[in-house]
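To start, the structure itself, in structure tokens.
No lab work stands behind these numbers, since they all come straight from the coordinates. Bear in mind the structure is a predicted one, so any value in this text is a computation, not a measurement. Here the Cβ positions follow ideal geometry from the backbone for every residue, glycine too, while neighbour counts run over all protein chains shown.
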Amino acid sequence: MNTEARKYVILIFFLFVGVIYATRLFYMQVVDDSWTLRAQEIAEKRKLIVPPRGIVKDRNGKLIVINKTYYNLMMTEKNITNLDTVAFAKLIGWTPEQVKLRFEEIKLAEGFDIDPKTKKRTQPRYQKIRSYAFVKEMTTEEMAQIAPYLENFPGFYEEITSMRSYPFANAANILGYVSEVNGEEIKEDHYYRSGDNIGRTGIERFYEKDLRGRKGVYYIVTSAMNNAIQSYADGKYDTTAKQGATLQLSIDADIQAYGEKLMVNKRGVIVAIEPATGEILAMVSSPTFDPNSFVGKRATSINYPKLLMDPDKPLYPRPLQAEYPPGSIFKLLQALVAMQEGVITANTGFPCNKSLVGCHPHPSARNIMEAVQMSCNPYFYQSTKRVIQSGKKSNIYADSEYGLNLWADYMHSFGLGNKLEIDIPGERGGLIPDANYYDNLFPSKKRPYGHHRWAFSTIRSISIGQGEVKTTPLQMANIAALIANRGWYYTPHLVKSIGGKGAKTEYREKHMTMVDAKHYDPIIEGMRRAVNEGGGTARQARIDSIVVCGKTGTAQNPHGADHSIFITFAPMDNPKIAVAVFVENAGFGGTWAAPIASLIMEKYITKNIKDKAKETRILEANLMNVAKRGK
């Protein structure tokens, strides 16, 4: 055979061998799934170590979320042989039917893979070689009763786990809760496996990736009987589980608990902020519930439906999602905008002309300070009109468009009309109407002068915080904080530090409003007078030895009695706390919201309450069944 012929023989040989190997490889990987199962089985020789979730402390170091040890009864179906269902059911206190049903539940919970083209189910994700929790959340005592007998039921074993526990039965709306992951969450994030927990609401959800920690891996070598006999490669490839980061909240646990106590038998909100940092000191949503109600699947399955159907809506996060008319507290911002635009000065006076808008009896305000002190409606009607209809355009409609959009820009700079982006899910942004909003509200094919159907006279109610304007209680508290700071604020946030490294960077960025600092002084003086001088609307907020600044509000409610509102800060100089209180259907702001706010501030600043009569009045008040208007 010549050289050329030998070359072709060798080439054909190698091609033939390559085809054989390729065919065998295709068969092993595609046709014969036993090799896939073998690969999975090898992978299951590693044991994942799930770390405890990070604990949570308050601003003073008090533990408010901890972990308690529980047990799961685990099962691996591949290792289960000749299961005596009756005996096993008796051991764990179930019926044989419940045991059989549990196997099916586990398989269904794992779900199915979805074909990306047809969008139809393909193969189930459940695998016999993997371990699953058969009975969850067993106490030490419960596990101790069955552990000695588990050797009679191959394929079942105990596994230590942990669940959340709340030493203080407060701040449920802040902390949130955890529950077991579902199939879609497992598919989206490969960190999770069946039986793992994930944050559902509150801090638990927002800081999930910080709190869940890092899983560890322990590789084992098994005997022919599938028993673990030693670590693989002397632990060379093992990794250590790392507990989730400790969160230090900005919340003062004592003030939070006191606020919830004051709001018993009332629907509403208390939000307290440290103005210098934007840290939230308390955020009360009332009615509330014990966060321990959602510890574990058993408790959650019982308590969640009850709370969900409660007509007083304890699950509703009022501080973040309730959007109310701000009422008279909005007058503070109207005055700031008017002074910045130069349409009034601190010493501008207006008569209390009730033909423009209704008002309570009081002398005409000769300046901004008196207008704030007495909360004069016609004063702020006039000053707001000068902003929105300033005469900068040729006709009233174009002028109103220009003025309203300018006004809306100012309001956005105060943190209104958009989410503040607090570090907790579920926040809403309220509403600040602009020209486009009113164009849609009052549509017209033939608009006068090619412009709009509306002018200031159409939208005048926004001048006193009514009409289309909506704010959340969180935004109301932030207004108090930015006024206390003379024109700036940090985004309100609930976590002071993550793992000792401080808050997220976005909560350290200072936000400046569009109003110069000098214009805040007359507003603050008016707020001081409202609390501390005769004729003021907030005398119930006075605190001995502390100069309190505040503004009442009474928001009209078309569905019932008016809402009681108060925003405040103290002391006047170097303020330590800013507070917003909102009590639904409670009427005038000075009657209920103001004294509640003063008690919160006094408790925080002095750690004591001197006016016990005021405290008792609030604690004993039941405002849950206020008569509906017209009934």
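So what's the gap between the Cα centers of the range 271-345 and the range 467-491, to the nearest angstrom? What the calculation gives is 13 Å, centre to centre. Shown is the FRET efficiency for Asn625 and Asn79, computed with R0 = 60 Å from the Cβ-Cβ distance and rounded to the nearest 0.05: 0.50. Converting phi to 3J(HN,Hα) with the Karplus coefficients 6.51, -1.76 and 1.60 and the offset θ = phi - 60°, the range 157-168 yields 7, 8, 9, 6, 9, 9, 9, 5, 9, 10, x, 9 Hz in sequence order, with x at every glycine or proline. Computed from backbone phi, the HN-Hα couplings of the range 436-443 come to 5, 4, 6, 4, 6, 6, 10, x Hz, rounded to whole numbers (Karplus: 6.51 cos²θ - 1.76 cosθ + 1.60, θ = phi - 60°; Gly and Pro given as x). Between Ser165 and Thr505, residue separation times 0.36 nm minus the direct Cα-Cα distance comes to 119.5 nm. Of the GluC sites (Glu not before Pro) found in the range 413-522, those in coil by DSSP whose Cβ has at most 10 other Cβ atoms within 10 Å are Glu509.
Residues whose amide H falls under 5 Å from that of His360, counting only those 5 or more places apart or on a different chain, are Asn377, with hydrogens built in the peptide plane.
Projected over every direction and averaged, the convex hull enclosing the alpha-carbon atoms of the range 242-338 yields 9.7 nm². Peptides 85-98, 273-286, 254-267 ranked from most to least packed, by the mean per-residue count of other Cβ atoms within 10 Å: 273-286, 254-267, 85-98. Based on DSSP H segments of at least four residues, each scored -39500 (n - 2.57), the chain has a per-residue ellipticity at 222 nm of -10000 deg cm²/dmol. Taking the average, over residues, of other Cβ atoms within 10 Å as the packing measure, peptides 201-214, 308-321, 136-149 rank 201-214, 308-321, 136-149 from highest down.
Evaluating 6.51 cos²θ - 1.76 cosθ + 1.60 at θ = phi - 60° for every residue in the range 586-596, the Karplus couplings come out as 9, x, 4, x, x, 7, 10, 5, 5, x, 4 Hz, glycine and proline recorded as x. Per the Kirkwood formula on distinct C-alpha pairs, the Rh of the range 115-209 is how many angstrom? Result for the range 115-209 stands at 16.5 Å. If R0 is taken as 41 Å, the Cβ-Cβ distance between His360 and Ala613 corresponds to a FRET efficiency of 0.95. Entry note, the range 253-620: relative contact order of 21 percent, from Cα contacts under 8 Å with a spacing of 6+ residues. By the count of neighbouring beta-carbon atoms within 10 Å, fewest first, Trp454, Trp407 end up ordered Trp454, Trp407. Neighbour counts of C-beta atoms inside 10 Å place Asp189, Asp399 in the sequence Asp189, Asp399, starting with the fewest.
With the dipole of the chain worked out from charges on the C-beta (+1 for Lys and Arg, -1 for Asp and Glu) around the Cα centre, which of Pro317, Phe289, Leu336 lies farthest toward the positive end? With unit charges placed on the Cβ atoms, the residue in question is Leu336. Report the calculated FRET efficiency for Lys209 and Met512 (r = Cβ-Cβ distance, R0 = 22 Å), to the nearest 0.05. Taking R0 as 22 Å, the efficiency between Lys209 and Met512 is 0.10.
Below 8 Å, C-alpha to C-alpha, sequence gap of six or more: please give me the relative contact order for the chain in percent. With pairs under 8 Å counted, the relative contact order is 13 percent.
Maximal additional length on extending the Asp290-His412 stretch stands at 40.3 nm, based on 0.36 nm per residue less the C-alpha distance. Note: the range 253-620, Cα convex hull, 156 Å³ per residue. Cross-link pairs exceeding 26 Å in C-alpha to C-alpha distance, out of Lys510/Lys614; Lys78/Lys187; Lys107/Lys187; Lys47/Lys78; Lys331/Lys518, comprise Lys510/Lys614.
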